[in-house]
Amino acid sequence: MKPCNANKTCWNCPAAMLKGNVDFRACGQSKEKKRQLSEEKQVMIECSRRKELGHFEPTITFEQCPEWELNENYNLYMLKNMRVMILGLDGYLGWALALKLGKLGFKVSGIDNYWRRDCVMEKGAHTVVPIQRMTERLRAAKEVLGIDINFRKMDILDRPKLKEFLEETKPEAIIHYAECPSAPYSMVDVDHAVKVQENNVLGTLGLLWLIKEVVPESCLIKLGTMGEYGAPLTGRPIFEGIFPANATLKWDDREWSLGGELTPRDPVSFYHVSKVQDTFNCYEACKYWWLRSYDVMQGVIYGVHTEEVAADPRLRTRLDMDEWFGTVVNRFVTQSILGMPLTIYGEGEQLRGFIALDDAMQCMVRLISSPPEAGQYDVVNQVSGLIRVKNLAETVANVAKDFGINTKIQRVENPRVEADKHPLEVISTKLPADLGFNASITFDAEIRKMFELLTQPEIKARIEEKKHAVMPKTRWDGVKQESESFETYDPGTKNLEDGHKGVLHTK
Amino acid sequence: MGKTVIIGLDGVPYHLIDNLSNKGVMPNFKNLKDKGIFKEMESAIPEISSVSWSSIITGVNPAEHGIFGFMDMIPGTYTMSFPNFNSIKAPAFWQTMDGTHAIINVPSTYPAKPMNGFHVAGFVALDLENAVYPQKYIPMLEELNYRIDVDSEKGHSSKELFFKDLHRTLDARQNTALQLWDETKWDTFMFVITGTDRIGHFLWDAYEDENHEHHQNFLDYFKRVDEVVGSITNKMSDEDSLIMISDHGMGLSETNVIVNAVLKNNGFLELNDAERQNHNHIKANSKAFALDPGRIYLNKEGKYPKGTVKKEDEEQILKDLTSTFENLEKDGKKVIKKIFRKEEVYSGPHLEQAPDLILLSNKGFNLRGNLTKTEIFDKDIFTGMHTQEDAFLFVKTPKSIELPKNPKVTDVFPIINKINGDT
């Protein structure tokens, strides 16, 4: 099958630098530099990699261009030695992606201010999978995988320093993982809420201005979240950020097209609000300055495994179990290993989109290699499956059995303000249909891998050491108390067929 | 020893400058005209600024300098490239002639290259930084609000703003020229005004129609152009020589002729469906395609990725194309005046790159290389189009030199050479 990005052209390529617009009918050049789509006016580009071509129209396809080489494993054209900057490189995703990209031949640079490490420490927790100091991580990446990573300790809010680093590295793609990813953290108190919004919103806004100034051709791939959309009780489908062309709004016997407009957002925490604000800032920046961006609405991430992090204990990526930074599957597995019941909120009927770490990394490689056109803000829903939280708990409990662990499930008061029961219909067609993503990790397989790793004595001891951090204490209503239990039950004793079923469209 | 001054007026036909100087709109030129030789000059084929100015400054034809249009294709591909000064295969006079040269706003000389003197490139020049040599002059140009070109978008959005921009650009260019005249040392001074072409494209109807709302504005602009010319020529001494030229003429555009639509409708060209059409979507069985304005290329096997025209079939296809275009009519009027084969008009090492056929249209028919349109004839907002036969040449020199009877753009270089005393 022809690689999915074979027909993409210089319009999509970050090496194509816009040089100007010319209207040869009037022998006139326009003062404005715009990526106009008018056939009557010529867009002139220069290739930063193939200067010998001079100025030309952006029509060379990836398949025709020698700078884009076919990677047969991915069946994907990849830009030779593509320069990628990862913001938040020390994090759960940032580190795994740095290694994945480095292994594939990308030139990786990145920053991190270790805020995540600090926050988890603030909670009195730690990553259950031990991770090394950055100098050691970088050394191991070089020794084991032969990867050079150009890392700087830096805060995304330190714009002068970040600008200098962008000028030095001239990234062709920027992966933005440098946001605080925790809803509960943003709900602790006013200081935490402000800190999250300051880092996320102002960090992203500043980044957009820097991209405009220094690397306007670069593709910003920003981590969003499926949580931006909320879970509409009407069951209307969750489109990929933007309404499809044939969507309409009907009211008062009249009808309007919604095609191309941003879909409604219904954030469920001050963290989610910060992500929504980022979405608008990115959307506007693409419109005003002809930047290009993917917003990656990621489902709940889980897992420990990628080929690269598993290559050496020093290369492992972090895994958090605490109520602030542990995602639900990761927490369930640690709770199970601790012999605690798996805590589900309310009825546990919440439907969520999920994706395993390695699948998410595969998606990122595909997104990096298929940039949107300049001026285009695009959104992908990055999920590989939908599952109800209570069904998820059953799956984890079932796998636990194979490791000799009997696990119960406990319903507790929901500390969040959200619907316990709701329908969910998610459209996620761009990654599988347009970008060649093929989810290869099943829940069962990845959860098994997690148990294999997390039951190792050293890691198990680390989990036990921080047992106190796992139960939810941060409530959306601000009351300082742990959620109380409604009931504890054995897996297999509840009817799992009732209630809403998630619908995921991938074609 | 006298110096040489060359003033270019882009896109100004012989008859316009003759007419406006006789009418009193351009008194400075009127005064000059009586003291020198004023002739019609043949433009390049095709009559495109980039081709013509390249011939003017190098003295050679496109098969030697390699510029056949504003656009060409990257060899071996269907990707359109925009040749610039790096693409010119022959040296400009200021790169070979002795002396110091000040070169201002000559089209198709971007990016500026090291030379003995000062150079600011003209259209298409994508940024000032690479348009100027030596770069130490950039702050001065910025101080003078120097502008590479009129903003063509204004011609679309508002004619009032367009005029304002034309004047603003001309004022800045004049100030720059005068300051450089005084502050730099030079033996040859070349200065081109390009607003004359832009106004022609957008408002030729205003020139021809005395009742047009912008007729007076059109004349006023040329009055300003004449003042600028005067402000330079008044600084010259009797020992100095003056050459004034245009690169092509201008006339009323009545109908656009979409050459590729003719090719499509007659089975020479077929495109694959695509959201955004470009030449990559030419189907392999296509025999020919066109680039602006009337350049026709055979889709030759071995030359293009999907080329299928074999050498032995070329002659027949050229004949078929010739007869198709010879017979093309609108309202009983023949569209095409002349059809050249490349060997007839070009000679030199880059002949292979040249279009296989070059069409010259009859008056009022504006040839276009648009790829996607399917209708052969249309009209847009542009009322002026380039003309090939009526550029102008004016020479006033104390030296005794003979001008060709029917000068062409390639003759300008030898004239400069003779005046400068080189052989």
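A short reminder: the numbers here are calculations on the coordinates, not readings from a lab. Treat the numbers as computed from the prediction; the structure is a model and nothing was measured. Counting neighbours? That spans all protein chains shown, and the Cβs are built from the backbone with ideal geometry, glycine included.
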What do you get for the angle between helix A:328-338 and the principal long axis of chain A? Use alpha-carbon atoms, 0 to 90 degrees, nearest ten.
30 degrees
Please work out the Cα center distance from the range B:230-247 to the range B:308-353, rounded to the nearest Å.
41 Å
Percent of alpha-carbon pairs separated by more than 17 Å within the range A:201-319:
67 percent
Please pull out the direction-averaged projected area of the protein assembly as shown, using the convex hull of its alpha-carbon atoms, in nm² to one decimal place.
44.7 nm²
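Just want to confirm a number: the relative contact order over chain A, from Cα pairs under 8 angstrom separated by 6+ residues, in percent.
Working: 1076 pairs, mean separation 82.9, N = 507.
The value is 16 percent.
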Taking the alpha-carbon centroid of each part, what is the distance from the range A:299-337 to the range A:2-19 in angstrom?
35 Å
Taking Cα atoms, the helix A:357-368 axis meets the longest principal axis of chain A at an angle in degrees (rounded to 10) of 10 degrees
Which pairs break 18 Å Cα to Cα here: A:K390/A:K494; A:K123/A:K390; A:K250/A:K421; B:K23/B:K223; B:K30/B:K223?
A:K123/A:K390; A:K250/A:K421
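Using Cβ counts within 10 Å as a stand-in for footprinting exposure, how do A:L504, B:L371 rank, fewest first? Write out the running numbers ahead of the final one.
Working: A:L504 19, B:L371 23.
The order, fewest Cβ neighbours first, is A:L504, B:L371.
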For helix A:389-402, report the angle its Cα long axis makes with the longest principal axis of the Cα atoms of chain A; keep it between 0 and 90° and round to the nearest 10°.
70 degrees
If the chain between B:D98 and B:N285 were fully stretched, how many nm would it gain, using 0.36 nm times the residue separation less the Cα-Cα distance?
62.1 nm
GNM of chain B, Cα pairs under 10 angstrom: of B:V409, B:V262, B:V345, the biggest fluctuation goes to B:V345
Unit charges at the beta carbon, dipole of the range B:255-378: most positive-side option, B:F289, B:I358, B:I317
B:I358
Cross-link pairs beyond the 27 Å C-alpha cut-off, checked among A:K19/A:K100; A:K103/A:K467; A:K2/B:K303; A:K80/B:K264
A:K19/A:K100; A:K103/A:K467; A:K80/B:K264
If we count every other residue with Cβ under 9 angstrom of A:V399's Cβ, Lys/Arg +1 and Asp/Glu -1, where does the sum land?
0
Taking a ≥ b ≥ c as the square roots of the eigenvalues of the Cα gyration tensor, with a/c under 1.5 meaning rounded and otherwise prolate when a/b exceeds b/c and oblate if not, the range B:30-170 is rounded
Ascending count of other beta-carbon atoms within 10 Å, so fewest first, for A:S186, B:S81, B:S158
B:S158, B:S81, A:S186
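In whole percent, what relative contact order does the range B:84-156 give with Cα contacts below 8 Å and a gap of six or more residues?
On the way: 108 pairs, mean separation 17.1, N = 73.
Computed over the range B:84-156, the figure is 23 percent.
Just rank A:E72, A:E482, fewest to most, by other beta-carbon atoms within 10 angstrom. Show your work: numbers first, answer last.
Details: A:E72 8, A:E482 14.
Starting with the residue having the fewest Cβ neighbours, the order is A:E72, A:E482.
Among residues other than A:E425 whose Cβ falls under 12 Å from its Cβ, what is the net charge (Lys/Arg +1, Asp/Glu -1)?
Details: positive: A:R236, A:K501; negative: none.
Cβ neighbours under 12 Å give a net charge of +2.
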Please state the equivalent ellipsoid semi-axes for the range A:46-161: what are the square roots of 5 times the Cα gyration tensor eigenvalues, largest first, in whole Å?
34, 17, 12
Quick one: work out the % antiparallel among DSSP beta bridges in the range A:81-505, nearest 5.
25 percent
Connecting C-alpha atoms closer than 10 Å in a GNM of chain B, tell me which of B:V120, B:V192, B:V25 has the biggest fluctuation.
B:V25
Within the range A:223-239, whose backbone N sits under 11 Å from a point 7 Å along Cα→Cβ of A:H500?
A:230-238
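Normalised by the number of residues in chain B, what is the relative contact order in percent for Cα pairs under 8 Å and 6+ residues apart? Don't jump to the answer; show the numbers that get you there.
Values: 885 pairs, mean separation 122.1, N = 423.
Reported relative contact order: 29 percent.
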Global form of the range A:81-505, assessed from the alpha-carbon gyration tensor, a/c cut-off 1.5
oblate
Using distinct alpha-carbon pairs, which all enter the 1/r mean, Kirkwood radius of the range A:1-68 in Å
12.7 Å
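In the structure displayed, which of B:K3/B:K39; A:K51/A:K287; A:K153/A:K507 lie more than 32 Å apart, Cα to Cα?
On the way: B:K3/B:K39 22 Å; A:K51/A:K287 28 Å; A:K153/A:K507 42 Å.
Check vs 32 Å cut-off fails for A:K153/A:K507.
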In a Gaussian network model of chain B with springs linking alpha carbons closer than 10 Å, the residue among B:L298, B:L144, B:L393 that fluctuates most is B:L144
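Answer rounded, prolate or oblate for the range B:255-378, using the Cα gyration tensor with square roots of eigenvalues a ≥ b ≥ c: rounded when a/c is under 1.5, else prolate when a/b is larger than b/c, else oblate. Before the final figure, lay out each step's value.
Numbers: a/c = 1.69, a/b = 1.12, b/c = 1.51.
The shape class here is oblate.
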